[in-house]
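All remarks here apply to the structure that follows.
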Amino acid sequence: MTHVRLYSYGAVQEVTGSKHILEVDGKKILVDCGMFQGRREETYNKNKNLPFDPKEIEVAFLTHGHFDHTGNFPSLIKGGYEGVIYSTPATYDLASLVLYDSAHIQKRDAEFIKKLIRKGRKDLKVYGPIYDEEDVTETLSHFVTYPYNRRFKVFDKVEAEFYDAGHILGSSMILFNIELDHYKTLKVGFSGDLGRKGLPFLRNPQKLPDLDYFVLESTYGNRLHDDLSTVKEELSEVINSTYKKGGKIIIPAFAIERTQEIIYHIHELLLENKIPKLPVYIDSPMAVHATSIFKSHPECFDRETFKTFYDKKESPFDFDGVNYIVNVEDSKKLNYLKHPAIIISASGMCEHGRIVHHLRNNIENPANTILIVGFMAQHTLGRRLADREPEVKIFGEKLKVNARIKIINAFSAHADYNEMKEYVSQFDLSKLKRIFLVHGEPDAQEHLEKVLEGVGVKDVKRVFYNEKYKLA
Ligand SMILES: [Zn+2]
């Protein structure tokens, strides 16, 4: 008898800290080891102390490079895990970028708090760093990469294969083929984060083979996104109207994926002669580094990208007028730009980084546009801009928001509930025994459960923390 169980220690009724375990005859396969994000003290303790013994994990997988899936692998290694971490090659590269960045931020934050304490803030406490650069280097040495659609042996009775999730560069769904008795196979799929059809340069989410069990994310289980098809038109309207006023377009964007999507669309619009030739500045060391990773993984791109760019000897991310800025002096020079330009910078929610300087310099000029293309969490400067507050505080200074605020809502890397329904409907539902919902707030999961039952999924189960589910 082969025994198979599933349980989760993160992304359970919530959207951060993904950690799922598939157990085959007592051997534990860990899928993702993400960082919890939220209030400092609570998340510090949750992240610092893994809820399982890393030495008991047989093998680990990473679905994609987002921090909430990759961010706590160094704690796994520090806790004594000696095995390999499987991912696609592009995911490995993004994980390297994200983990070193996290180690750097953790160190900087801890030093900052220590300084405040020295100055008399005895109410504060230092949290972290949980890991440093050296731990990250050690973690990266455990990675073994496999491309999409190449089945490999994990251990006796278990084979795995990455399928394209269409979510971010290198993102994958994982299929586990588990050999049961009497030549039967159990197929278990993990969605990771499920992407969407029609995102720039990424392929559409690939259909997994018919499954017995599917572990599905549910982030937008109760939401529908705006249509992606109007994004380019909206972008071209913003660029043209701002250009006519002689202004600048300031775009706060996440360094990974969203920045590259915007560059891609701008390049397309230039090739189609729909926008004037104006300089484009990518002013974020992390975004510049991320873009170089994107450039080195054309194997992740869709047919469309080849037709528009590579077949014509063009690169999607390089064109006349695009400038990638790393050094601080070059970044400061952008303060004195007199002509229309596009500045794309991080952080995505405008809380820190160079974008804050660009906003301060440009927010009071009515000729400029601030273009919002991503999710803005509560209590961030980005959210205040998205809420169209007439005045905002930047570096302690009150500034009038005279620039135009334009929001394009269609960008999202996660499938909405219709897209999830459509994806799941491709399966032979008579074979699908159950869908397990992870990575979503309770409201989203409750709604998605009804939607999936509505298309004929026999059994939908919301996963609870450390509750063990028997699959075979
Ligand atoms: Zn993700």
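Given the structure, is Asp156 closer than 30 Å to Asp210 by Cα and charged (D, E, K, R)? Against the criterion (closer than 30 Å to Asp210 by Cα and charged (D, E, K, R)), Asp156 qualifies.
Taken across the stretch 177-190, residues that are within 16 Å of the ligand (Cβ to nearest atom) and either assigned by TED's automatic domain parsing to the domain that holds His297 or in contact with a Cys (Cβ under 6 Å, 6 or more places away or on another chain) (or both) do not occur at all.
Tell me which strands (runs of 3 or more DSSP E) are completely within the stretch 343-423 and hold 1 or more residues being closer than 29 Å to Asn204 by Cβ and open to solvent by 10 Å² or more (accessible area, probe 1.4 Å), or say none if there are none. So that I can check it myself, show each step before the final result.
Working: elements: 369-372, 391-394, 397-400, 404-407.
Correct list: 404-407.
Quick check on the stretch 50-71: of everything there that is in contact with a strand residue (DSSP E or B) (Cβ under 8 Å, 6 or more places away or on another chain) and within 16 Å of the ligand (Cβ to nearest atom), which residue is nearest to Met286 (Cα to Cα)? Selected residue: His64.
Filtering the stretch 208-235 to residues that are hydroxyl-bearing (Ser, Thr, Tyr) and buried (at least 18 other Cβ atoms within 10 Å of the Cβ) leaves Tyr213, Ser218, Thr219, Tyr220. For the stretch 191-207, the set of residues classified as touching a residue at least 40 places away in the same chain (Cβ under 8 Å) and either open to solvent by 20 Å² or more (accessible area, probe 1.4 Å) or part of a strand (DSSP E or B) (or both) consists of Lys197, Leu202, Arg203, Asn204, Pro205, Gln206, Lys207, listed by residue number. Screening Tyr281 with (1) touching a helix residue (DSSP H, G or I) at 6+ places or on another chain (Cβ under 9 Å); (2) surrounded by fewer than 16 Cβ atoms within 10 Å (Cβ to Cβ) gives one miss only, at (2). Inside the stretch 393-431, residues that are more than 16 Å from the ligand (Cβ to nearest atom), among the aromatic types (Phe, Trp, Tyr) and closer than 30 Å to Glu364 by Cα make up a count of 1.
Can you name the residue in the stretch 107-144 that is of a type in the set (Asp, Glu) and closer than 19 Å to Arg39 by Cβ and, of all such residues, is nearest to the chain's Cα centre (by Cα)? Before you say what the answer is, go through the steps one by one.
Step one: of the stretch 107-144, the residues of a type in the set (Asp, Glu) are 109, 111, 123, 132-135, 138.
Now restrict to residues that are closer than 19 Å to Arg39 by Cβ: 109, 123.
Details: Asp109: 22, Asp123: 34 Å.
Ranking the candidates gives Asp109 first.
Among the residues of the stretch 200-225, the ones that are of a type outside the set (Lys, Arg), closer than 27 Å to Glu453 by Cα and under 19 Å from the mean Cα position of the chain (by Cα) come to 12 in all.
When the test is whether a residue is among the acidic types (Asp, Glu), open to solvent by 50 Å² or more (accessible area, probe 1.4 Å), farther than 30 Å from Gln445 by Cα and touching a residue at least 12 places away in the same chain (Cβ under 8 Å), Glu41 does not pass it.
The values are calculated or read from the model by the stated rules, or taken from the named source; none is laboratory data. As the structure is a computational prediction, the values presented were derived from the model and not from experiment. Glycine also receives a Cβ, built like all others from the backbone with ideal geometry; neighbour counts cover every protein chain displayed. Side chains are part of the model used for accessible areas, which takes the heavy atoms of the whole protein and leaves out ligands, DNA and RNA. Shrake-Rupley method; radii C 1.70, N 1.55, O 1.52, S 1.80 Å.
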